[in-house]
């Protein structure tokens, strides 16, 4: 049976690569779906999401008359903003994307997060402890610039370069590691 990964996309420039992430995961044998926050929408071509994944881009909670989606086998958050990482660390589930992320963490679903937070936010006193809390909960991280498992800040003015050079296979590698552990 094919495993399914939910790709969660939040409002940072790397959101433009969400269909590339989906395509890399599909090439690796996964089925995928993409859900996004409203803040991510300016970077996403919704028609491309449906073409690549076979399902429409999901933003709001489902209508109560619609059936619930099957729980994913894994979750990828790419990119994850400062706001999203902090919400996940303290369990704030106030959007569809954040609810899915909190559920994944709470249920022990393999989760990979690609933070994209600028340097000035990286130095916020809550940030380091929130990253540590998520690692303790079993979350794996991928650096947006290098693919390394230890994320680093994004410096202002480098988002276009990071978005262009980001390799979606870094996520495939990280997720494969999460699924085998």
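The values are calculated or read from the model by the stated rules, or taken from the named source; none is laboratory data. None of the values given here were measured: they were computed from a predicted structure. Cβ sites come from the backbone with ideal geometry, for glycine too, and all protein chains shown count toward neighbours.
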Identify all residues within segment 107-120 that are surrounded by 12 or more Cβ atoms within 10 Å (Cβ to Cβ) and modelled with pLDDT of 95 or more; write none if there are none. 109, 110, 111, 112, 113, 114, 115, 116
Could you please find all residues in segment 121-139 being more than 13 Å from the chain's Cα centre (by Cα) and either surrounded by 21 or more Cβ atoms within 10 Å (Cβ to Cβ) or assigned to a helix (DSSP H, G or I) (or both)? 121, 122, 127, 128, 129, 130, 131, 132, 133, 134, 135, 136
Quickly run through segment 77-131 and pick out the residues that are out of contact with any helix residue (DSSP H, G or I) (no Cβ under 9 Å at 6 or more places or on another chain) and more than 27 Å from residue 30 (Cβ to Cβ). 119, 120, 123, 125
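Quick one: is residue 22 in a helix (DSSP H, G or I), closer than 19 Å to residue 110 by Cβ and under 14 Å from the mean Cα position of the chain (by Cα)?
Values: in a helix (DSSP H, G or I): yes; closer than 19 Å to residue 110 by Cβ: yes; under 14 Å from the mean Cα position of the chain (by Cα): yes.
When the stated conditions are applied, residue 22 passes them.
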Within segment 53-93, tally of residues that are at pLDDT below 95 and farther than 29 Å from residue 180 by Cβ: 11
Going through segment 25-46 in order, the residues found to be in a helix (DSSP H, G or I) and within 22 Å of residue 164 (Cβ to Cβ) are 25, 26, 27, 39, 40, 41, 42, 43, 46
